[in-house]
Amino acid sequence: MHIIEKAKEIKTTDASVKSIRIIGSEYVDIELNCPFVAEHALPGQFVMVHTLNETLQNLLYRPFDIAQTDRSNGSFRLLVKITGKETLNLSHLKTEEGIRVTGPLGKGIVDFDSRSIGLLVRGVGSAAVISLAQKARQEGIKVYTFFSASTGERLIGKEYLREFSDELFIITDDGSEGHHGDAREVVSSFLEKREIQSLYTCGSRRFARYVQGLNREGKTEGYIFLEELMGCGIGYCHGCAVKKAKAEGYYLVCVDGPIFSADEVEIP
Ligand SMILES: Cc1cc2nc3c(=O)[nH]c(=O)nc-3n(C[C@H](O)[C@H](O)[C@H](O)COP(=O)(O)OP(=O)(O)OC[C@H]3O[C@@H](n4cnc5c(N)ncnc54)[C@H](O)[C@@H]3O)c2cc1C
Ligand code: FES
């Protein structure tokens, strides 16, 4: 179990690029100077980002997980997959270039009440759980990470997850790195022999449904990071609504999530 809180301090602020690293043809690792977010962010929270390239395509800010924070130097890290115009703009940023950031947003984890956690992650979904793994490790909680991607090149953020995991299992669809196959099978066989008290998943709806199943069967306590299309990130546009599982109505992923208990939401 974990204890989560809503963002208390939210601000739109200037940030500048401290470092930027292009990884292969699809990913970018960006460290931003932004003392406000670095100071206030909790594991699990995200930011809305806007490059200063004034085109209609980036009229709306875009959501990204706060992958890591460094309070000592006032910076935080984004791991970005290039999927369209604004993520391409982000990949073209230069060191010291400015962007606008709103955050930290969503609910974040302030404490754990578990001896062990598992992270079942697909691709760039790693960005949502790196700081969570870091916090758990600092508190002496065992961290078991199951990191899956279609190919080895898409295991983005692997070095950070390795640093903060007690055990890291790599699984690829094509067998180019680690175990060849389906990460769900690796988790299932782990759970036959060993315990994971709370299992978090991000980056795959198939994994989210699987974690819901494990939670229902009482095999572990499941938590799901949801990523819906977001217009505002602060609860106004209702673009990110997902159906509640145990009641009538909808949650807004941007303010009620992005982390949900596995039995709370219907996976879209
Ligand atoms: C809470 C949250 C956290 C996220 N964290 C990360 C992260 O850490 N790293 C990362 O690379 N991406 C993350 N995403 C997804 C990211 O926001 C989108 O990939 C991005 O907004 C696409 O912008 P674009 O202008 O490049 O693409 P667009 O031209 O807007 O769209 C390109 C393609 O991406 C899809 N897309 C657009 N927005 C989203 C979205 N919100 N979720 C899923 N698919 C989308 C579109 O449907 C389209 O197929 C996150 C999304 C949410 C909601
Ligand atoms: S993104 Fe606008 S309400 Fe959630």
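The values are calculated or read from the model by the stated rules, or taken from the named source; none is laboratory data. Because the structure is a prediction, the values reported are computed rather than measured. Glycine also receives a Cβ, built like all others from the backbone with ideal geometry; neighbour counts cover every protein chain displayed.
Hey, could you check the stretch 243-263 for residues that are under 23 Å from E217 (Cα atoms) and crowded, with 21+ Cβ neighbours inside 10 Å and say which is farthest from ligand 1 (Cβ to nearest atom)? First the steps, then the outcome.
Initially, the stretch 243-263 is screened for residues under 23 Å from E217 (Cα atoms), giving 243-247, 259-263.
Within this subset, residues satisfying the condition of being crowded, with 21+ Cβ neighbours inside 10 Å are 259-260, 262.
Working: I259: 10, F260: 12, A262: 17 Å.
Among those residues, the one meeting the criterion is A262.
Take residues that are more than 16 Å from ligand 2 (Cβ to nearest atom), within 21 Å of F64 (Cα to Cα) and in contact (Cβ under 8 Å) with a residue 60 or more places away in the chain and tell me which of the strands (runs of 3 or more DSSP E) falling wholly in the stretch 85-171 contain 1 or more.
Working: elements: 98-105, 107-112, 116-122, 142-149.
Qualifying strands (runs of 3 or more DSSP E): 98-105, 107-112, 116-122.
Sort out which residues of the stretch 213-250 are hydroxyl-bearing (S, T, Y) and under 25 Å from G123 (Cα atoms), and write them in order of number. Steps first, please.
Quick first cut of the stretch 213-250, residues hydroxyl-bearing (S, T, Y) only: 220, 223, 236, 250.
Of everything in the stretch 213-250, those that are hydroxyl-bearing (S, T, Y) and under 25 Å from G123 (Cα atoms) turn out to be T220, Y223.
Residues in the stretch 30-40: is at least one farther than 24 Å from H2 by Cβ, acidic (D, E) and modelled with pLDDT of 95 or more? Step through it out loud before you land on a result.
Of the residues in the stretch 30-40, the ones farther than 24 Å from H2 by Cβ are 30-36.
Retained after the next criterion (residues that are acidic (D, E)): 31.
Filter once more, keeping what is modelled with pLDDT of 95 or more: 31.
Looking for residues that are farther than 24 Å from H2 by Cβ, acidic (D, E) and modelled with pLDDT of 95 or more, one finds at least one in the stretch 30-40, hence yes.
For residues that are over 17 Å from A127 (Cβ atoms) and either within 16 Å of ligand 2 (Cβ to nearest atom) or surrounded by 20 or more Cβ atoms within 10 Å (Cβ to Cβ) (or both), tally how many sit in the stretch 187-212.
Here the count works out to 7.
Just one of the numbered conditions (1) of a type outside the set (K, R); (2) outside the structural domain of V28 (by TED's automatic domain parsing); (3) touching a helix residue (DSSP H, G or I) at 6+ places or on another chain (Cβ under 8 Å) is not true of G125; which one?
That leaves (3) as the condition not met.
Determine whether the stretch 5-15 contains at least one residue that is touching a residue at least 60 places away in the same chain (Cβ under 8 Å) and in contact with a Pro (Cβ under 6 Å, 6 or more places away or on another chain).
yes
Please list, ordered by first then second residue, the pairs with beta carbon atoms under 6 Å, 6 or more apart or interchain, first in the stretch 250-268 and at pLDDT 95 or above, second in a strand (DSSP E or B) and within 10 Å of ligand 1 (Cβ to nearest atom).
Taking only residues 6 or more apart or on different chains, the pairs are P258/F225; I259/F225.
Kindly evaluate L226 against the criterion of being in contact with a Phe, Trp or Tyr (Cβ under 7 Å, 6 or more places away or on another chain) and buried (at least 19 other Cβ atoms within 10 Å of the Cβ).
Working: in contact with a Phe, Trp or Tyr (Cβ under 7 Å, 6 or more places away or on another chain): yes; buried (at least 19 other Cβ atoms within 10 Å of the Cβ): yes.
So L226 passes the test.
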